[in-house]
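One structure is given below, encoded as structure tokens.
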Amino acid sequence: MKNLLLHSCCGPCSTVVIERLKERFNVTIFYYNPNIEPFEEYERRKTEQKKVCEFWGVNIIDGDYDNSKWRDCVSSLKDEPEGGVRCEKCFVFRLKKTAQKAKELGFDVFATTLSVSPHKNSNVINAVGEMIAKEENIEFLQENFKKQNGYLRSIQISKDLNLYRQNYCGCEFSNWNLKKKDL
């Protein structure tokens, strides 16, 4: 089996993705999410990710929390709507780091859990992944993990494991958008 480095945004999203991939790949999670704010939220999600990795028996690599670099990348787009250009830049930022880490550590392929969310555009995510795969000369696994009730399955597994499920993507700007909707 090929060795796959799987970028994961959070434990709940990784549940069904690991379940689906573990029969085809040797999966290692790359928890790289410098977009998540505040830092306490980042740590809480990382704790849940570790629980999921322990449950499935997969290794986890903890990426750096370089929030200032991430902010430099997207801050000019803070007023963009959720799911827009800011999110695409964020995908590029995190998937590029994932591809580089995969190459550095000798993985055969990289992927992301991001497409399991009904709030994320799988076509955009896969296009970003393919673009980065070409730049970095490493294979990207294109998937839409929300298909075949992937999102619903992730909710069920999360309930079974008693995981914390967040109510916003992770970045301060998505949290602002959520707060604006509540007004």
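We did not get these values from a lab; they are worked out from the coordinates using the rules stated. Being a predicted model, the structure only gives us computed values, none of them experimental. Cβ: placed from backbone, ideal geometry, glycine included. Neighbour counts: every protein chain shown.
Let me spell it out: the conditions are (1) touching a residue at least 12 places away in the same chain (Cβ under 8 Å); (2) more than 20 Å from ILE29 (Cα to Cα); (3) part of a helix (DSSP H, G or I), and ASN123 meets all of them except one. Which number is the exception?
(1)
Pull up segment 89-117, narrow it to residues that are within 13 Å of the chain's Cα centre (by Cα) and of a type outside the set (A, V, I, L, M, F, W, C), then point me to the one that is nearest to TRP70 (Cα to Cα).
Per the stated criteria, the residue is ARG94.
Output the residues belonging to segment 45-73 that are farther than 19 Å from ASN162 by Cα and either among the β-branched types (Val, Ile, Thr) or assigned to a loop (DSSP other than H, G, I, E, B) (or both).
ILE60, ILE61, GLY63, ASP64, TYR65, ASP66 - these are the residues of segment 45-73 that are farther than 19 Å from ASN162 by Cα and either among the β-branched types (Val, Ile, Thr) or assigned to a loop (DSSP other than H, G, I, E, B) (or both).
Could you please find all residues in segment 4-18 being assigned to a helix (DSSP H, G or I) and more than 18 Å from PRO118 (Cβ to Cβ)?
ILE18
Would you call ASN26 under 15 Å from GLU172 (Cβ atoms) and either of a type in the set (S, T, N, Q) or under 12 Å from the mean Cα position of the chain (by Cα) (or both)?
No.
Name the residue that is surrounded by the most Cβ atoms within 10 Å (Cβ to Cβ), counting only residues in segment 127-148 that are more than 16 Å from LYS2 (Cα to Cα) and in contact with a Leu (Cβ under 8 Å, 6 or more places away or on another chain).
GLY129
How many residues are surrounded by fewer than 22 Cβ atoms within 10 Å (Cβ to Cβ) and either in contact with a Ser or Thr (Cβ under 7 Å, 6 or more places away or on another chain) or among the acidic types (Asp, Glu) (or both) when one looks only at segment 5-30?
2
Those residues that are acidic (Asp, Glu) and either closer than 14 Å to GLY63 by Cβ or in contact with a Lys or Arg (Cβ under 6 Å, 6 or more places away or on another chain) (or both), I need them from segment 87-118; list them, please.
Result: GLU104, ASP108.
What number of residues within segment 31-41 are outside any loop (DSSP other than H, G, I, E, B) and over 24 Å from ASP160 (Cβ atoms)?
So the count comes out to 2.
So which residues in segment 25-45 are more than 17 Å from PHE93 (Cβ to Cβ) and of a type in the set (S, T, N, Q), if there are any at all?
Passing the criteria: ASN26, THR28.
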